[in-house]
Amino acid sequence: MTTLLMLAPALIPLLAALLYALLGWRPATEWVGAVAAVGVLAAAIGTAVGVTADGPHTTVFGLLRVDALSAFMLIVIGAVACVTTVATPGHLRVELAAGRTDDANCRQLGMLVQIFLALMAVAVLAANLGVLWVAMEATTIVTAFLVGQRRGRAAVEAAWKYVVICSTGIALALLGTFLLNFAAENAPTPAGLDWVELVGVAPELNPGVTRIAVALLIVGFGTKAGLAPLHAWLPDAHSQAPAPVSALMSGVLISVAFYAVLRVKVIADAALGVDFTRALLLVLALASLTLAASLLLAQRDYKRMLAYSSIENMGLLALGAAIGSPLAIAAVLLHILGHGLAKSVLFLGAGRVLQVTGTSRIDGVRGLAAREPVLAGCIGFGVLAIIALPPFSLFASELGIARAGFVGGLGAVTAAALLLVLVIAAALVGHTSRMLLGAPVDSPVPAAAAVAPVAAVAPVAAGAPVAAGAPARPPRRRWGADTFALVGALVTCAVLGLTLGPLGPLLVQASTVVTGTP
Amino acid sequence: MSTALYIQLIDLAAGALLLTAVLVLWRRELASIIEVFALQGVALAALVGIMAVEQGSAELGAVALGVLLLRAGVLPWVLRRALAGAGATQRETKPLVNVVSSLLAAAALTLLAYAVSQPLVQLAPSAATHAIPVGMAVVLIGFFVLVTRRLALSQLVGFLLMDNGITAVGFLTTAGVGLIVELGVTLDVLLVVLVLQVLKTRMREAFGDTDLDELRELHD
């Protein structure tokens, strides 16, 4: 039973991808992706229940293995996938109506997004470092086409940078994998690349070789996670990809890469003591936070603003991992989920703003709250969530990381990080309030052009009634399932901030996997 | 095969690996860079082949054939095709670092590779592991090419040099990391190159040229 449940998150999306490949993107198939994502989430929850009750489970000739940490990451993937895929049909309808995309592109998007989901599921289920590496590199290949889908100069440039930088980073991780394998084979009790074996022999590994291997692995997977020295691909790729793809990349892909860093950390801590990875992760964390703060202050593009906020959050995750106490790791995992939900809302909302206003410049958007109250509400609350205000779960997780930092003897670094987080929050609120509040720009020429054809398809997307009382502006698209997805994600994020519910035991078990101590 | 001959052959193949990496830095014509890259593929395959004969392993022999096919055959072919469509930019005219400094940098990087690799050699001293620093040097030189060259195709060659170095280290350090991983790695490298080839074609459609200096749309 557990075997079937844990394979489902990889198999269901592959089936959906096959359907898209055969049938294409059409009214009958546009919800297939959402159904598959719901299936992934359901299977992930089922797997998590099984794992909390019965412990880890290995299958497929020992290549795949699920423990509490993998099960938690599956839930993150499923949750963000649900939000994104439910909002995708609405997004694509507008794009199709405006002539910015065609059926072939929609089919490609539907198919590749599903393969992307399956690969991320394989990455977190991998029982050994080699399979994880292959899955991570494959996600780069699949998403490269999604980033470059628009084929304009900017999109092609973003895709090129994305593939070159991420592949180089991942190549470093491959070198690290080979070296770790070398160390493991020459340990007193030879081992392979399997997680369990590696953690078992870790204390016997040659420290000199392991140190080189761990540094390469953390920098390599850190590249894919968007951590600072090799982050350059992230703002470009996230701002150029179609909105649902940005939401998935920012919401889960970089977190899955960070999951790889956590796995490496377990082995490194056992082999080298905590100091080595701690120093490495602290440097990456502070560099990411500083970079995000400095580039957010004068940011002019709202999609890039969200991308830099992702770099900030990855920095916070690295800080939490560097602290490494059970509280810090549990907070890191909760932060991954909260960030995934809030950031996917923001990127999907940003995609909608781009459709309504026709510009991605912050100063091109004014008074959104008056024109699109529901959308503006989603973005507003999303930003409040991402800057970690209560009741959203990011408040709880950032508080957890900060407390663990002060308790764990990293007070100075944590204080510096919190200062940077404050600067970033101020910048985000400042930019967003300029977009949402104030009087609307009076001559939205591109807006009218973008919105007019939308009206024709609006009845199809009819669903939730538009908030009454707004002044009668040019025809506005009624919000259906996509509003539902965004509001649902924000509500989930807020509920998680108040109570973890059944997620609590899973989180505790998952952090035990990382820290090694119950 | 006698041990002395084996050590000599390993050293010869490793030397060829390093020499071709340096030649990539020295040459400027993209066409000859690609030829040198193909030669490096042959050297890498020879290295694996020698190890296969020494160990009497048919499986490793098959892998050596695969390496030869991919790195001396398929990848150079893809690169040549990309070059044929590249039009005027057949030559790396103004790399960020000139050729003389590049060669000096290569020397420094090789020394660095030897220094960094000491723990690796000492862990299990043998003829094969003594060649690890060469693999590391090729990785570093590849990285250097990647960050200092401006043409899209040169960057691609830099990436592939890195990959050759990593593969060499992989074979020198271990009997193998499992067939599935091996296959996955090979497939991924091939796909990355094909993706970049597609992007390069699109880049030419969008930019008319593939000088990465033209890539200035996205910045902060």
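Since only A:132, A:37, A:50 are under comparison, the one whose Cα sits farthest along the positive direction of the charge dipole of the range A:32-146, derived from C-beta charges on Lys, Arg, Asp and Glu, is A:37.
Using Cα centres only, tell me the gap between the range A:310-328 and the range B:37-65 in whole Å. For the range A:310-328 versus the range B:37-65, the Cα centre distance is 44 Å.
Once both labels are positioned 7 Å from their Cα atoms along Cα-to-Cβ, the gap between residue A:300 and residue A:434 label points is 1.1 nm. Based on alpha carbons, the Rg and Dmax found for the range B:3-209 are 17.1, 56 Å. For residue B:220 and residue B:100, FRET efficiency with R0 = 25 Å and r from the beta-carbon atoms, rounded to 0.05? Efficiency for this residue pair is about 0.15.
Taking a ≥ b ≥ c as the square roots of the Cα gyration tensor eigenvalues, the range A:85-178 comes out oblate, since a/c reaches at least 1.5 and a/b does not exceed b/c.
The residue among A:370, A:10, A:504 whose Cα reaches farthest toward the positive pole of the charge dipole of chain A, with charges on the beta-carbon of Lys, Arg, Asp and Glu, is A:370. Just to verify a number: FRET efficiency for residue A:31 and residue A:103, C-beta to C-beta distance, R0 = 22 Å, to 0.05? In this case the efficiency is close to 0.85. Charged side chains reduced to their Cβ positions (Lys and Arg at +1, Asp and Glu at -1) give chain A a dipole of some 1420 debye around its Cα centre. Charge dipole (Cα centre; +1 on Lys/Arg Cβ, -1 on Asp/Glu Cβ; no other charges) of the range A:346-405 amounts to roughly 80 debye. Ordering B:7, B:36, B:198 by Cα displacement along the dipole of the range B:3-209 toward the positive end leaves B:198 in first place; charges were set at the Cβ atoms of Lys, Arg (+1) and Asp, Glu (-1).
Each peptide in A:159-172, A:423-436 gets a packing score, the mean of other Cβ atoms within 10 Å over its residues, and the list from highest to lowest is A:159-172, A:423-436.
Every pair of different Cα atoms in the range A:28-122 enters the Kirkwood calculation, which places the hydrodynamic radius at 14.6 Å. Basic side chains Lys and Arg get +1 at the Cβ, acidic Asp and Glu get -1 at the Cβ, and with that the dipole of the range A:77-233 about its Cα centre reaches some 660 debye. Based on DSSP H assignment, which helices of chain B show an axial Cα extent of at least 27 Å together with a mean Kyte-Doolittle hydropathy greater than or equal to 1.0? Membrane-span-like by this rule: B:3-26, B:30-55, B:152-173, B:179-207. Packing, taken as the mean count of other beta carbons within 10 Å per residue, orders the peptides A:39-49, A:122-132 from highest to lowest as A:122-132, A:39-49. Across peptide A:163-175, the mean count of Cβ atoms from other chains lying within 10 Å of each residue's own Cβ comes to 6. With a simple spin-label model that places each label point 7 Å from the Cα along the Cα-to-Cβ direction, the separation between residue B:114 and residue A:53 comes to 6.3 nm.
Anisotropy class assigned to the range B:1-70 is oblate, per the alpha carbon gyration tensor with a/c at or over the 1.5 cut-off and a/b no larger than b/c. Per the accessible-area calculation with a 1.4 Å probe, the total area buried between chain B and chain A rounds to 4300 Å².
Summarise the partner chain shielding of B:120-126 as one whole number: the mean count of Cβ atoms from other chains within 10 Å of each residue's Cβ.
4
Stick to Cα atoms and the Kirkwood definition of Rh, then tell me Rg/Rh for chain A. Computed over Cα atoms, the ratio is 0.96.
Under the simplified labelling scheme, the residue A:1-residue A:361 pair shows an inter-label distance of 6.0 nm, with each label point 7 Å from Cα along Cα→Cβ. Look at the stretch A:138-149: the mean tally of other chain Cβ atoms within 10 Å of its residues' Cβ atoms is 3.
The values are calculated or read from the model by the stated rules, or taken from the named source; none is laboratory data. What you see is a predicted model; the values in this text were computed from it and never measured. Virtual Cβ from ideal backbone geometry, glycine too; neighbours counted across all protein chains shown. Surface accessibility is based on the protein's heavy atoms, side chains included, excluding ligands, DNA and RNA. Shrake-Rupley method; radii C 1.70, N 1.55, O 1.52, S 1.80 Å.
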